[in-house]
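Written out below as C-alpha cells is the structure these notes cover.
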Amino acid sequence: MFQNYRVLLIIALMVSFTALLSGHKVLAGPHADEAKVHAKVSIKHGNEMLDHGGQGHLDVMITHAKETISHAKEAIMHAEEDYKQTKNKHVKMFIDHTKEGIGHVEEAIGHAKKGHVPTAYASEGMKHLKEGLKHL
C-alpha cells in the first residue's frame with residue numbers, strides 16, 4: 001500500500017514541476033474565476049462607455065462608466081483573495097492594471113460631469129482594464 005502512495009506522490013510532483021516549467025498561470029479556483037467574470041463585464045460596460053462618449057451621450061457614458069468601475073472593483077476584490085492564496089505575480093499585475101484603469105475611468109466621469117467629452121481618459125482606462133484581463 002505504501003508503494004501506491006509513493007507512485008502518486010511522484011506523479012503529483014511531476015505534474016507540478018511540468019506546470020511550473022511551462023509558465024502557465026495556475027490560479028486558485030473560485031476567486032480567480034469570479035475575478036475574470038467581473039473583469040469581462042467591466043470591459044463590456046467600458047466599451048459601451050466609449051461608444052456613448054464618442055457619440056456625445058455623456059449621461060449614458062457616465063452610467064456605463066460607473067458600472068465599469070463597480071465590476072472592476074468586484075474583480076479586484078476576488079483577485080486579492082486569490083492573490084492571498086497563490087501569491088501569483090499575474091494576479092498582482094491584474095490588480096495593478098485594474099486599479100490604474102479605475103483611476104482613469106473616474107477621471108473620465110469627472111470630466112463628463114463638467115460637460116467635456118473625456119475620450120482620452122476613458123480610452124486609457126479601458127487600455128489598462130484590458131491589459132489587466134490578459135493576466136488572468
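Selection of segment 66-93 for residues being touching a residue at least 60 places away in the same chain (Cβ under 8 Å) and farther than 19 Å from Gly125 by Cβ yields Thr86, Asn88, His90, Val91. If you go through segment 47-63 one residue at a time, do you hit one that is among the hydroxyl-bearing types (Ser, Thr, Tyr) and either touching a strand residue (DSSP E or B) at 6+ places or on another chain (Cβ under 8 Å) or surrounded by 17 or more Cβ atoms within 10 Å (Cβ to Cβ) (or both)? No.
Against the test of being of a type in the set (Gly, Ala, Ser) and under 10 Å from the mean Cα position of the chain (by Cα), the options Gly110, Gly101 yield a single qualifying residue, Gly101.
Among the residues of segment 39-54, the one identified as touching a Leu at 6+ places or on another chain (Cβ under 7 Å) and among the polar types (S, T, N, Q) is Ser42. When segment 70-94 is filtered for residues that are of a type in the set (A, V, I, L, M, F, W, C) and surrounded by fewer than 22 Cβ atoms within 10 Å (Cβ to Cβ), the ones remaining, listed by number, are Met77, Met93. Only one of the numbered conditions (1) out of contact with any His (no Cβ under 7 Å at 6 or more places or on another chain); (2) in a helix (DSSP H, G or I); (3) among the small types (Gly, Ala, Ser); (4) closer than 17 Å to Gly54 by Cβ is violated by Gly125, and that is (1). The criterion of being out of contact with any Phe, Trp or Tyr (no Cβ under 6 Å at 6 or more places or on another chain), open to solvent by 70 Å² or more (accessible area, probe 1.4 Å) and in contact (Cβ under 8 Å) with a residue 60 or more places away in the chain holds for Lys36. Per the conditions (1) more than 18 Å from Ala35 (Cβ to Cβ); (2) out of contact with any His (no Cβ under 6 Å at 6 or more places or on another chain), the sole criterion not satisfied by Ile95 is (1). If the condition is being open to solvent by less than 70 Å² (accessible area, probe 1.4 Å) and among the small types (Gly, Ala, Ser), then segment 106-122 contributes Ala108, Gly110, Ala112, Gly115, Ala122. Pairing each residue of segment 99-110 that is among the β-branched types (Val, Ile, Thr) with any residue that is open to solvent by less than 90 Å² (accessible area, probe 1.4 Å) and part of a helix (DSSP H, G or I), provided the two are 6+ apart or on different chains, yields C-beta distances under 6 Å for Ile102/Ile69; Ile102/Ala72; Val105/Ala65; Val105/Thr68; Val105/Ile69; Val105/Gly125; Ile109/Ile62; Ile109/Ala65. Can you tell me which residue within segment 16-45, out of those that are under 19 Å from Gly101 (Cβ atoms) and among the basic types (Lys, Arg), is modelled with the lowest pLDDT? Top of the filtered list is Lys36.
The values are calculated or read from the model by the stated rules, or taken from the named source; none is laboratory data. Everything quoted here is computed from the prediction, not taken from an experiment. Note that each Cβ is placed from the backbone with ideal geometry, even for glycine, and that neighbours are counted across all protein chains shown. Quick note on the areas: whole protein, heavy atoms, side chains included, nothing else; ligands and nucleic acids left out. Shrake-Rupley method; radii C 1.70, N 1.55, O 1.52, S 1.80 Å.
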